[in-house]
Every structure is written in structure tokens, then in C-alpha cells.
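Peer 1: Have a look at this one before I ask anything.
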Amino acid sequence: MKPLNQLILASTSPRRQELIASLQIPFTIVPSHVDEDTPSDWTPEQVVRGLALRKAQAVFDQLKGDRPEAVIVGSDTIVELDGRILGKPKDDNEAVSMLTSLQGRTHRVFTGVACIHGVTGDTLVEHRVTSVTMKPLSHSKIVSYVKSGEPRDKAGAYAIQGLGATIVESIEGCYFNVVGLPISLLTDMLEKFGVQVL
Ligand SMILES: Cc1cn([C@H]2C[C@H](O)[C@@H](COP(=O)(O)OP(=O)(O)OP(=O)(O)O)O2)c(=O)[nH]c1=O
């Protein structure tokens with residue numbers, strides 16, 4: 001397999017763009033705009049792995065005529081509580097109800113990562129899980145956090161990297177997995193494609 005030294009990030013997420021920049025490898029952004037619906041009986045692992053692959057595959061299909069000498073990276077993040085999957089809230093009311101169910105408890109954040117070799121089409125898919133414990137929160141604190149606007153485009157209606165840091169008590173596992181791109185896992189995957197980060 002030909003070693004590559006460039007990345008294509010199949011994502012509109014500004015957080016993922018910032019995180020991938022930290023690898024100091026040349027990268028470009030090609031948003032995937034895929035339908036994020038999944039069958040209701042899929043497990044959290046199946047959802048994040050399936051959607052990460054769907055995002056990377058959509059960009060690969062779009063570019064494959066050019067056989068880009070780059071690894072295409074797709075990623076997806078969800079929150080799971082009591083077997084229930086929480087994606088991005090559709091409005092502020094749903095954000096309040098998500099945070100009401102998460103406060104004072106421990107939930108799991110799943111992120112799937114898919115890498116596709118732009119020349120050969122070889123594919124790797126992995127995921128990571130991080131446990132996050134949220135502080136107990138009053139209704140007025142939840143409403144005030146939702147009013148900040150931060151929960152809107154975040155799985156589980158919070159952002160640990162922002163004001164959401166003030167409502168998280170502790171985490172167990174990879175922090176960057178919660179933000180949406182587990183950098184350490186991604187690096188291991190890239191090395192399998194011959195992309196050396198260090
Ligand atoms: C839990 C949590 C999620 N998130 C974000 C990461 C993801 O951007 C978002 C989950 O939505 P995703 O569907 O994974 O990603 P996206 O639609 O934002 O971007 P794209 O599909 O184009 O890659 O939630 C945080 O930023 N901080 C957090 O603490």
C-alpha cells in the first residue's frame with residue numbers, strides 16, 4: 001500500500017477541524033452531508049461506526065475518480081444513557097429534557113472513526129467509549145445553559161470543551177473522544193495506512 005501524508009476530513013464540525021489541525025499534517029475539508037438516520041435497533045457502537053463510515057464513504061465516492069493521495073476521515077459522536085441514544089437536540093426544549101435526564105448521572109459518549117485510503121479504497125473502522133459524570137443541576141441552571149446556545153449542535157446537548165465544562169464532574173477515558181475526534185485512536189489508525197504523525 002502506498003504511504004500517504006495528507007488527510008481529507010469528511011466533516012462540517014469546527015471541533016473536528018481544530019482537532020485534526022493539531023496533528024500538523026496537511027488536510028482539507030470536504031463535508032459529507034449524509035443522511036444520519038439509522039435503524040432503531042442498532043446499538044450505540046453500530047450507530048457511530050456505521051455513520052462514521054457513511055460519512056467517509058460519501059466523500060470517497062465523490063472523489064474517487066481523482067484517486068486522492070490522502071486518507072479520508074469520517075467521524076460520528078453520540079451519547080448513550082440507559083440504552084437510549086441521544087444525538088443532537090432538535091430544539092431548546094429537547095436540549096432541556098436531555099440535560100434533565102443526564103444531570104447527576106453517568107452516561108457514555110461513543111465516537112466512531114472511519115479511515116479510507118483514497119487510492120486503494122482500503123477501509124478501517126474503530127470506536128471509543130468515554131464515561132462522563134454530570135453534576136446534579138437545578139432546572140434553572142439547565143435553562144440558563146441552554147439559553148447560551150451551546151447545546152444546539154452537540155450530541156447530548158452539551159459541549160465539554162466550552163461552558164459545558166462547568167457542568168461535568170468527571171470523565172473516564174479519552175477527553176477528545178467526547179469532543180468528537182479521539183486523536184490518539186485516529187493516529188493509530190493512520191499509522192496502519194503508513195501516515196506517520198511523529
Ligand atoms: C458530547 C459532545 C459532543 N460534541 C459534538 C461533536 C460533534 O460535532 C457533535 C455530534 O454530531 P455529529 O453528527 O457526530 O457531527 P456533526 O454533525 O457536528 O459534524 P459532521 O457529521 O459533519 O462531522 O457533538 C461536542 O462538541 N462536545 C461534547 O462534549
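Peer 1: Taking the 0 to 90 degree range and rounding to the nearest ten, how far is the long axis of helix 44-63 tilted relative to the main principal axis of the chain, both from C-alpha atoms?
Peer 2: 40 degrees
Peer 1: For VAL143 paired with ASP61, estimate the spin-label separation in nm (one decimal), with each label point 7 Å from Cα along the Cα-to-Cβ line.
Peer 2: About 4.5 nm separates the two model spin labels.
Peer 1: Using 0.36 nm times the number of residues separating ARG84 and VAL197, minus their current alpha carbon distance, what extension gain do you get?
Peer 2: Working: separation 113, 0.36 × 113 = 40.68 nm, distance 3.62 nm.
Value of the extension gain: 37.1 nm.
Peer 1: Note the count of lysine pairs whose C-alpha atoms are less than 24 angstrom apart in the stretch 7-192, limited to pairs 8 or more residues apart or on different chains.
Peer 2: 17
Peer 1: Now a separate question. Averaged over every viewing direction, what's the projected area of the C-alpha convex hull for the stretch 7-192? Give it in nm², one decimal, please.
Peer 2: Details: hull surface 40.4 nm².
Taking the Cα atoms of the stretch 7-192, their convex hull projects to 10.1 nm² on average.
Peer 1: If we count other beta carbons within 10 Å of each Cβ, what is the order of MET98, MET134, MET189, fewest first? It would help to have the intermediate numbers written out before the result.
Peer 2: Values: MET98 26, MET134 21, MET189 18.
Exposure proxy ranking, most exposed first: MET189, MET134, MET98.
Peer 1: Take the stretch 1-105, drop everything but the C-alpha atoms, weight them equally and run the Debye formula without solvent; then report log10 I(q)/I(0) at 0.16, 0.17, 0.18 Å⁻¹ to two decimals.
Peer 2: With one equal scatterer per Cα and no solvent, log10 I(q)/I(0) is -0.82, -0.89, -0.96.
Peer 1: So, counting K/R as plus one and D/E as minus one, what does the shell of residues with Cβ under 13 Å around ASP35 add up to? Show your work: numbers first, answer last.
Peer 2: Working: positive: ARG54, LYS55; negative: GLU36, ASP37, ASP76.
Summing Lys/Arg as +1 and Asp/Glu as -1 gives -1.
Peer 1: Order 66-74, 143-151 from most to least packed using the mean count of other Cβ atoms within 10 Å. Provide the component values of the computation, followed by the final result.
Peer 2: Numbers: 66-74: 20.9, 143-151: 16.7.
Those peptides, ordered most packed to least, come out 66-74, 143-151.
None of the figures in this text is laboratory data; all of them are computed from the coordinates on show. Owing to the predicted nature of the structure, the values given are computational and were not obtained by experimental measurement. A quick note on method: Cβ atoms are made from the backbone with ideal geometry, for glycine too, and the neighbour counts reach across all protein chains shown.
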